[in-house]
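Asks: I'd like to ask some things about the structure below.
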Amino acid sequence: MIGRLIDGRYLVRSRIARGGMATVYLATDQRLERRVAIKIMHGHLSDDSTFKNRFVQEARSAARLANPHVVSVFDQGQDSDMAYLVMEYLPGITLRELLSERGTLSAQQVVDIMDAVLTGLAAAHRAGIVHRDVKPENVLLADDGRIKISDFGLARAASANTATGQALLGTIAYLSPELVTRGIADTRSDIYALGIMMYEMLTGEQPYKGEQPMQIAYQHANDSVPRPSARNPEVPDELDDLVLWATERDPEQRPSNAGELLERLHEIEGRLGFSVSTSTQSTMFLPPLPLPGGSELTNVLASPTTASTDASDDEATRLTVRTARRRRKGFALFLVVLLLAGLAGGTGWYFGSGPGSQVQVPDLAGAEPEAATERLTELGFEVAGVQEYSFDVTEGLVTRTDPEPGTFIDKNGTVTLYVSQGRQPVSIGMLQGKTIAEVREFAEANRLTVNEPTEQYSGDVPKDVVLSVTDANGADFVKEAGSVLQGAALDVVVSVGGVPDVVGQGQSTARNDLESVGLDVADDNQQEFSDDFEKGQVIRVIVPEGPLRPGDTVTLVVSKGPDVVEVPDVVGLTIADAKAALEERGFIVELETVVPENLWAEDVFSIVSQDAEARTFIKRGSTVTIAANL
């Protein structure tokens with residue numbers, strides 16, 4: 001943008017300031033050969049009709065006023081897609097910059113500034129304009145002593161006193177209670193902002209503070225602004241009362257407009273004995289352009305007053321007195337120049353190379369303490385050492401300095417080096433009975449890491465309760481207390497509850513129950529005879545060795561029912577053949593007839609009876625008694 005010729009007329013020289021809606025540049029009006037301030041709306045807002053309307057509103061609002069304490073607007077236009085506003089250029093600073101530099105202002109300075117600001121704002125209120133963004137950033141203090149109010153970008157007609165659904169406009173620290181609660185602004189809202197600004201000038205800080213904007217807004221809506229003298233005992237009672245009057249929460253209790261507050265300020269000036277030097281030029285109201293053939297524009301100006309002179313004064317006597325006065329004034333000025341020169345020289349020595357010189361604290365984070373101490377000593381600082389735990393800086397290295405790097409402090413001042421002790425130990429009590437959520441919460445609060453938990457079945461520990469919490473060294477904090485360093489990773493085994501008892505269930509039901517808790521069931525089950533379980537019922541479940549976890553495969557052992565076999569018909573067989581037939585089927589054979597064993601195979605001895613009926617089924621392993629003839 002520097003060097004660009006806008007609208008064929010304004011040559012941009014340098015940037016002055018940048019805000020949320022526009023950037024202000026110093027430019028040269030080549031047509032009138034004068035320096036101007038040109039305000040250019042940011043490009044990304046050019047398509048936003050709301051912002052563009054506010055931009056144009058500022059030009060129209062300021063153009064309706066011609067007051068020595070309101071920044072004049074010369075021109076407004078559009079160059080390609082760039083909206084701009086041309087204003088008078090005032091070299092100097094803002095009230096915000098003055099407060100940042102000095103902190104508090106004296107009562108006389110506050111009265112001087114408020115007299116000028118109220119004069120300009122009273123002109124706006126008389127013209128039916130509400131500023132709606134009164135704050136120190138919008139009060140300009142020119143190098144030549146002029147004080148002007150600027151930035152009418154949020155201004156509206158005083159009759160436009162309606163709430164909107166949009167976000168609150170203006171800086172939150174200066175918003176009136178009615179703007180916060182109802183979104184309504186009138187001239188009394190400007191008075192409230194002036195009261196907050198006056199409080200800040202008298203005390204060096206705003207009355208309400210908070211980490212979030214809504215906290216500050218809540219205080220505006222619900223609290224009363226305290227007396228400035230409670231913060232700064234040097235504030236006169238008259239200014240205390242003026243601030244409290246301007247910042248009443250009820251708009252009806254405040255001054256109705258800036259003119260009413262200005263009248264009270266003038267009364268206070270007299271009581272405090274202050275002499276306020278402000279322009280006496282009255283406001284010029286510029287009416288709309290007349291229709292063709294209409295009347296000329298009319299300027300309402302105050303009539304100048306002239307002091308009368310005594311005609312009888314002797315001109316020669318007055319000349320003599322005037323000459324002597326000039327001589328005394330010249331001598332006094334000479335002494336002042338000498339005094340200022342000496343003061344400037346002494347001040348330059350004191351702050352340049354003397355004990356009052358200031359040195360910038362270097363950035364020493366991560367340095368070796370010995371090297372950091374040597375560097376600070378070379379710069380003329382005293383060095384103090386403090387150890388502290390640090391999550392990020394290696395043990396034995398510098399973590400930070402106090403004051404912070406970049407701060408200017410006096411030579412011989414003390415800089416504290418903070419040296420890392422490494423990461424801070426974290427004590428862990430016994431975690432037995434803790435849920436995984438509680439362990440994670442504890443870890444997060446103490447800058448520990450919890451690895452992805454391992455799930456495991458447990459019939460003794462409820463679901464989601466930890467079974468073990470171990471560190472890299474294997475210490476289990478479920479069983480005993482201990483400690484780890486911040487940043488350590490913890491391995492957690494968490495219970496998913498017990499495995500369902502499927503013994504005695506049918507094979508299909510048992511499979512569904514086990515799969516519902518995350519276990520896989522082998523397709524090929526095992527079968528066994530059982531006297532206790534009917535055929536098809538689960539006798540037991542075979543699990544893999546070690547802890548059982550979701551996804552493991554288990555095998556069902558299913559009952560084949562009782563182990564029974566058919567009893568053969570052995571009547572008529574030899575003893576040897578009968579015994580062999582029965583034993584082949586798993587029976588125990590007892591011979592009732594006493595026959596020598598060497599004769600069992602002889603046909604003369606055949607089986608004549610058996611106690612278990614042939615072709616019936618009895619349990620394998622049962623005893624069958626047979627009898628042979630003699």
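Quick note: the coordinates plus some simple rules give every number you see, no bench work behind them. The structure presented is a predicted model; accordingly, all values stated were derived computationally and were not measured. Note that we place each Cβ from the backbone using ideal geometry, even for glycine, and neighbour counts take in every protein chain shown.
Asks: With each pseudo-label sitting 7 Å past Cα toward Cβ, what's the residue 245-residue 75 distance in nm, one decimal?
Replies: 4.4
Asks: Does the stretch 5-88 come out rounded, prolate or oblate, given a ≥ b ≥ c as the square roots of the eigenvalues of its C-alpha gyration tensor, rounded meaning a/c under 1.5 and, failing that, prolate meaning a/b above b/c? Provide the component values of the computation, followed by the final result.
Replies: On the way: a/c = 1.62, a/b = 1.12, b/c = 1.45.
Note, shape of the stretch 5-88 comes out oblate.
Asks: At 0.36 nm per residue, and after removing the present C-alpha to C-alpha distance, how many nm does the segment from residue 606 to residue 256 gain when stretched out fully?
Replies: On the way: separation 350, 0.36 × 350 = 126.00 nm, distance 13.76 nm.
The span from residue 606 to residue 256 would gain 112.2 nm if fully extended.
Asks: Then there's this: Evaluate the relative contact order of the stretch 425-495 (contact order divided by residue number), counting alpha-carbon pairs under 8 angstrom at least 6 apart; express in whole percent. Don't skip to the answer; put the middle values down first.
Replies: On the way: 138 pairs, mean separation 34.1, N = 71.
For the stretch 425-495, the relative contact order is 48 percent.
Asks: Tell me, what ³J(HN,Hα) does each residue in the stretch 241-246 have, in order and in whole Hz, if you take phi through Karplus 6.51 cos²θ - 1.76 cosθ + 1.60 with θ = phi - 60° and put x for Gly and Pro?
Replies: Karplus-based 3J(HN,Hα) across the stretch 241-246 equals 5, 5, 5, 5, 5, 5 Hz.
Asks: A further question follows. For a test of the definition: using alpha carbon positions, the gyration tensor, and the 1.5 limit on a/c, classify the stretch 523-608 as rounded, prolate or oblate. Walk me through the numbers on the way to the answer.
Replies: Numbers: a/c = 5.10, a/b = 3.73, b/c = 1.37.
Because a/c hits 1.5 or more and a/b exceeds b/c, the stretch 523-608 counts as prolate.
Asks: Which net charge results for the neighbourhood of residue 613, defined as the other residues with beta-carbon distances under 13 angstrom from its beta-carbon, given Lys and Arg at +1 and Asp and Glu at -1? Don't skip to the answer; put the middle values down first.
Replies: Numbers: positive: 615; negative: 566, 569, 611.
Surrounding charge for residue 613 is -2.
Asks: Another question about this same structure. Could you rank the peptides 392-401, 84-93 by their average count of other C-beta atoms within 10 Å per residue, with the highest value first?
Replies: Details: 392-401: 16.6, 84-93: 18.7.
So the peptides 392-401, 84-93, ranked by packing, come out 84-93, 392-401.
Asks: Rounded to whole Hz and in sequence order, give me ³J(HN,Hα) for the stretch 549-565 from the Karplus expression 6.51 cos²θ - 1.76 cosθ + 1.60, θ = phi - 60°, writing x for Gly and Pro.
Replies: Karplus values, whole Hz, x for Gly and Pro: 10, x, x, 5, 9, 10, 10, 8, 9, 10, 6, 9, x, x, 8, 10, 9.
Asks: Local charge sum around residue 474 (other residues, Cβ-Cβ under 13 Å, Lys/Arg +1, Asp/Glu -1)?
Replies: So the environment of residue 474 carries a net charge of -3.
Asks: In whole Hz, what ³J(HN,Hα) sequence does the stretch 497-506 give by Karplus (6.51, -1.76, 1.60; θ = phi - 60°), x for Gly and Pro?
Replies: These are the phi-based 3J(HN,Hα) values: x, x, 8, x, 7, 10, 4, x, 7, x Hz.
Asks: Oh, and also: What FRET efficiency do you get for residue 509 and residue 630 if R0 is 60 Å and r is their Cβ-Cβ distance, rounded to the nearest 0.05? Intermediate values should be presented prior to the final figure.
Replies: On the way: r = 59 Å, r/R0 = 0.99.
My answer for the efficiency is 0.50.
Asks: Just round it to a whole percent: the fraction of Cα-Cα distances in the stretch 359-508 exceeding 26 Å.
Replies: 51
Asks: Now for a separate question. Compare the peptides 113-125, 517-529, 360-372 by average per-residue count of other Cβ atoms within 10 angstrom and give them in order, highest first.
Replies: Working: 113-125: 24.3, 517-529: 13.6, 360-372: 15.6.
By packing density, highest mean first, the sequence is 113-125, 360-372, 517-529.
Asks: Please tell me the relative contact order of the stretch 564-628 in percent, rounded to the nearest whole number, where contacts are Cα pairs under 8 Å and at least six residues apart.
Replies: That works out to 49 percent.
Asks: Still on this structure, I have one more. Quick one: which residues, 5 or more positions from residue 527 or on another chain, have an amide H under 5 Å from its amide H? H modelled 1.01 Å from N in the peptide plane, none for Pro or chain starts.
Replies: 558
Asks: Quick one: grab the alpha carbon gyration tensor of the stretch 425-495, order the square roots of its eigenvalues as a ≥ b ≥ c, and give me rounded if a/c is under 1.5, else prolate or oblate depending on whether a/b is larger than b/c. Display every interim value, and only then the final one.
Replies: Working: a/c = 1.81, a/b = 1.63, b/c = 1.11.
The shape class here is prolate.
Asks: Oh, and also: Fully extended, how many nm does the chain gain between residue 437 and residue 407 (0.36 nm per residue separation, minus their Cα-Cα distance)? Please list the in-between numbers first.
Replies: On the way: separation 30, 0.36 × 30 = 10.80 nm, distance 4.41 nm.
Taking residue 437 through residue 407 to full extension adds about 6.4 nm, to one decimal.
Asks: Then there's this: Using amide H atoms built in the peptide plane, which far-off residues or other-chain residues are under 5 Å from residue 94 H to H?
Replies: Those qualifying (amide H under 5 Å, at least 5 residues apart or on another chain) are 141.
Asks: Can you give me the distance in nm between label points at residue 205 and residue 451, each placed 7 Å from the Cα along the Cα-to-Cβ direction?
Replies: Computed distance between label sites residue 205 and residue 451 equals 5.0 nm.
Asks: Using a basic spin-label model with each label point 7 Å from the Cα along Cα→Cβ, how many nm lie between residue 480 and residue 592?
Replies: It is 7.3 nm.
Asks: I've got another one for you. Zone of residue 472 (label point 7 Å along Cα→Cβ, backbone N under 17 Å): which residues in the stretch 449-463?
Replies: It comes to 449-452, nothing else.
Asks: Something else now. Taking amide H atoms as placed 1.01 Å from N in the peptide plane, list the residues 5 or more away in sequence, or in a different chain, whose amide H sits under 5 Å from that of residue 485.
Replies: Amide H to amide H, under 5 Å and 5 or more residues apart or across chains, residue 485 pairs with 426.
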